[in-house]
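For reference, the structure is listed below as structure tokens.
Here, each number is a calculation from the coordinates, and none is a lab measurement. Not measured: the values here are computed from a predicted model. Every residue, glycine as well, gets a Cβ built from its backbone with ideal geometry; the counts of neighbours run over all protein chains shown.
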Amino acid sequence: MNQYNESRQTTTRAKKDAHGVEKRKHPRISVELPVDYSRPNGKELYGGIVANASEGGVLVYLPERLEIGAVLKVEILYAKGLELNTIKAIAKVVWGDLATRETWGEHQYGLQFQYIDEEDFNRLVSLLKEVRK
């Protein structure tokens, strides 16, 4: 099992040093994937878009305003060949802004993975490698 906590990844959006050099632990990969999410004990499922991803978290556009620190169950959907696959994780909102996609009525959030099982983590790593090609 792979677990993430605040000590393993910083939570601020500014990840460059004074010289503009990237300081993130995990590089971000641009993607455009659907994501379903809910509160851990919630029954309602909502949809959004993943704009970029890394081994530590995702940048998402979601339809509702969420508080920093909110915990979500997320399920990222992607196609591999003719199969629809998913990556499931528990993630925490570490930052949020009004989205630049104002016409969609979306909000932009940085989600940091708090828990992702080994099989889902391996799928995430494979997906990111494939997208980088």
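Annotations for the structure displayed:
- Segment residue 71-residue 117, extension gain: residue separation times 0.36 nm, minus the distance between their alpha carbons: 14.9 nm
- Ranked 93, 31, criterion: other C-beta atoms within 10 Å, fewest first: 31, 93
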